[in-house]
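Let me begin by presenting the structure, written as structure tokens, before commenting on it.
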Amino acid sequence: MTPATRVLQELNTDERERLRLRWLAKVSARDRMRAHGCWGWVGAKSLKRNGKRGVIRVGGRQGRIVSAARVGLMLRLKLRFADPVWWTLEVCHRCGNGGGKVDCVNPKHLRFGTRVENEHDKRKGRG
């Protein structure tokens, strides 16, 4: 699947707000109380990567299953879901819990980067 095929149609304001509330409901409430700490994902997990990565469906029943970290970062930065550039970049973790014991979805710990930057972060133990 090429990155361009993963692009979603743009969400209207109501759909975006519903997605934001659904996303927040799947973040550990205990972790969310700590604004600067890592937030664990208690929602669905991907069948890939041994079930470590959180996922959420975007775009209704016919929508796509997307990384929970990517959705959180896109919501925080108020990015357009229909813009293909955000689907070609990888989500990099600034903390050490990108794929460790806890899959961190705190948008403050995430940034967009290239595959090379993501691999460099992994070698440094940042996920």
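The values are calculated or read from the model by the stated rules, or taken from the named source; none is laboratory data. What you see is a predicted model; the values in this text were computed from it and never measured. Virtual Cβ from ideal backbone geometry, glycine too; neighbours counted across all protein chains shown. Areas reflect the complete protein model, heavy atoms only, side chains present, ligands, DNA and RNA absent. Shrake-Rupley method; radii C 1.70, N 1.55, O 1.52, S 1.80 Å.
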**Asked** Using a cut-off of 14 Å between alpha-carbon atoms, which aspartates and glutamates can reach LYS45, once sequence neighbours fewer than 8 places away in the same chain are excluded?
**Response** ASP103
**Complete:** So, with points 7 Å from each Cα along the Cβ direction, the LEU24-HIS36 label distance in nm works out to 2.2
**Message:** Sort 71-77, 59-65, 83-89 by the packing proxy (mean of other Cβ within 10 Å over each peptide's residues), most packed first.
**Reply:** 71-77, 83-89, 59-65
**Prompt:** Which aspartates and glutamates have a Cα lying under 16 Å from the Cα of LYS78, excluding residues fewer than 8 positions away in the same chain?
**Reply:** GLU10, ASP14, GLU15, GLU17
**Prompt:** In what sequence, largest accessible area first, do PHE112, PHE81 appear using a 1.4 Å probe?
**Reply:** PHE112, PHE81
**Prompt:** Over what distance in Å are the Cα centres of the stretch 6-34 and the stretch 61-90 separated?
**Reply:** 11
**Asked** Can you give the accessible area of GLU10, probe radius 1.4 Å, in Å² rounded to 10?
**Response** 70
